[in-house]
Amino acid sequence: SPAAKGRQWAIYKRSVKKQEPLSIQQAVRRLAYQFNQAKTALQKEAPAPLHPQSQRPLARELLRRRDQRRRRGSIRRQQPPQQILPPFKKVLPPRWRPPKQSRRIQQRKRRRQKQKALKREQYFEHSLHQRVCNKVNNFRDEQKKLFGFCADPNKTLRANITDYVSTITIHQYLSQPANAACHFYYDGKQPYPLGVRKLLGLGLKFCIQHERPTNTLKDSISRFKNDVRNRHTFLNKPEKPGEYIPGLYIPTGHQFKPATTEIEEALSNFTSAVTSIQRSYRRKRATNMTPLQWRTMSNIQQNLHFITIEGDKNTGGCFLRRGLYKYRASSEHLSNTSVYLRLSHHEALIKHRLLRTKIHYFSRKYKESMCKAEQVYLARSQNEKLFPTNKFPRFRMTLKVHKKPHKFRPIVCCAGTFLNCLSKWVDYHLQKLKPFIPSYLKDSGDLL
């Protein structure tokens with residue numbers, strides 16, 4: 001109210017004239033008066049509010065002008081806003097001091113400060129201890145993943161070995177090779193993964209037992225149902241001679257029609273029973289490989305600097321550098337122009353098409369001298385979907401470790417191509433000539 005403002009102003013003038021120290025109430029009144037004065041000054045300087053309908057075009061015009069000035073570079077950095085209120089100085093009296101506290105309150109404050117400092121120190125020590133424990137645990141986990149076991153430095157070697165043997169299963173302990181057949185050719189140019197000898201010492205024919213089965217039950221059951229329907233379709237239908245030869249047969253993946261109602265009900269009951277039994281065996285099982293061997297196998301698969309090949313004469317696996325393998329392949333075999341001829345992809349494709357055409361004309365020319373099974377076999381071998389023309393044979397090598405210096409033996413693998421079908425057909429007819437060889441032995445009874 002005006003009267004209250006007048007009283008505040010009178011108190012302010014009186015205190016300024018006499019230069020007396022202000023009390024707390026007078027200082028608060030003075031600060032409130034200064035604030036009200038500044039507020040009224042701001043309200044006088046502020047522009048009148050615009051009508052809501054006229055604000056939008058005006059704001060758009062202001063934004064447009066601001067963008068124009070920005071493009072021209074005429075907008076300067078905004079100056080910091082000026083202080084509206086004077087600084088809060090000399091409001092309290094110069095000799096004013098906070099009231100003294102009692103001795104009990106001061107002791108309580110000191111006690112609380114000591115407790116806070118002690119808690120802060122304990123929390124800091126606990127956090128450092130937790131960091132150290134986390135680092136040790138992470139290192140232990142890394143060592144277990146890499147080697148399968150982390151040794152304790154506070155224990156003896158015998159105690160660590162006893163702990164390691166007690167952690168592995170009986171199956172893993174008995175599956176370790178006693179006579180490792182592994183050949184290691186390392187020239188020191190690239191660091192090799194750890195545990196290569198333990199992994200390859202198992203042999204290339206070692207059967208890996210996973211924690212869970214790798215095949216799916218759904219695919220196995222669908223294949224079983226198709227086989228049962230196949231047997232039902234050809235039931236009581238005797239095969240004529242020459243219609244089916246086991247060695248000359250290419251499956252086409254034909255899906256047979258459902259069998260009788262009784263057979264289909266039996267298949268559905270069998271499927272439900274097998275599925276229910278499998279649910280009780282979904283838990284993990286012990287593998288026959290150590291964690292180090294699993295880790296080494298994944299590292300070798302991802303490593304592009306090394307390669308594992310088969311040793312000649314069934315001598316086991318060989319581990320060597322991939323660069324050396326490629327160099328010896330090109331220098332000893334592929335560079336020999338009397339045996340190998342370099343072709344482009346287009347030239348090799350033309351050669352394949354020409355061979356496919358020759359096989360087709362051969363099968364048509366000698367069709368009458370072949371049985372029905374042979375005709376069907378050669379016809380299916382020309383199927384583009386089963387054996388595409390652009391699938392070429394693969395070149396690889398095995399290492400002759402029994403020779404010094406060791407040499408490489410070249411192998412051209414035609415598996416999965418139409419040339420493999422032709423080689424099987426030739427082998428089928430060559431097997432008929434074996435009894436005419438004087439040194440041929442059918443079995444051990446023939447030897448006796």
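The values are calculated or read from the model by the stated rules, or taken from the named source; none is laboratory data. Small disclaimer: the values here were computed from a predicted structure and weren't measured. Using ideal geometry, Cβ is built from the backbone for each residue, glycine included, and neighbour counts are taken over all protein chains shown. Only protein heavy atoms, including side chains, enter the accessible area calculation; ligands, DNA and RNA are left aside. Shrake-Rupley method; radii C 1.70, N 1.55, O 1.52, S 1.80 Å.
Excluding same-chain neighbours fewer than eight residues apart, the lysines reachable from Lys145 by a Cα-Cα span under 29 Å are Lys135, Lys155, Lys189, Lys198, Lys205, Lys284.
Couplings 3J(HN,Hα) of region 259-275, computed from phi: 7, 5, 5, 5, 5, 5, 5, 5, 5, 5, 5, 5, 5, 5, 5, 5, 5 Hz, in residue order, whole Hz [Karplus 6.51 cos²θ - 1.76 cosθ + 1.60, θ = phi - 60°; x for Gly and Pro]. Length gained on full extension, Lys100 to His171, computed as 0.36 nm times the residue gap minus the Cα-Cα distance: 17.5 nm.
Taking each of Lys326/Lys432; Lys218/Lys385; Lys403/Lys434 in turn, the alpha-carbon distance tops 30 angstrom for Lys326/Lys432; Lys403/Lys434. Would you list, by chain and number, the aspartates and glutamates whose Cα falls below 20 Å from the Cα of Lys391, excluding same-chain residues fewer than 8 positions away? Within reach: Glu347. A simple spin-label model places pseudo-atoms 7 Å from Cα toward Cβ; at Gln143 and Glu347 they are separated by 5.9 nm. Each residue was assigned an accessible area with a 1.4 Å probe, and for Lys198 the value is about 110 Å². Think of region 139-259 as a dipole: +1 on every Lys or Arg Cβ, -1 on every Asp or Glu Cβ, centred on the Cα centre; then among Gly203, Pro153, Pro238, Pro238 lies furthest on the positive end. Straight Cα distances below 20 angstrom link Lys442 to the aspartates and glutamates Asp427, with same-chain residues fewer than 8 positions distant left out.
Taking the Cα centre of region 250-290 as reference, the dipole from Cβ charges on Lys and Arg (+1) and Asp and Glu (-1) amounts to some 520 debye. Electrostatic bookkeeping for Pro291 treats Lys and Arg as +1 and Asp and Glu as -1; over the other residues with beta carbon under 9 Å from its beta carbon, the sum is +3. Length gained on full extension, Asn36 to Gln190: 47.3 nm, using 0.36 nm per residue less the C-alpha separation. By the Stokes-Einstein formula, at 1.567 mPa s and 4 °C, region 232-330 with its Kirkwood radius over alpha-carbon pairs has D equal to 63 µm²/s.
Given their separation in residues at 0.36 nm each and the Cα-Cα distance between them, Ser369 and Asn303 gain 18.4 nm when the chain is fully extended.
Annotation note: GluC sites (Glu not before Pro) in region 229-334 located in DSSP loop regions with a Cβ neighbour count of at most 13 within 10 Å are Glu239, Glu243.
Once Rh is set to the Kirkwood radius over Cα pairs, what Stokes-Einstein translational diffusion coefficient, in µm²/s, holds for region 301-435 at a temperature of 10 °C and a viscosity of 1.306 mPa s? The calculation lands on 89 µm²/s.
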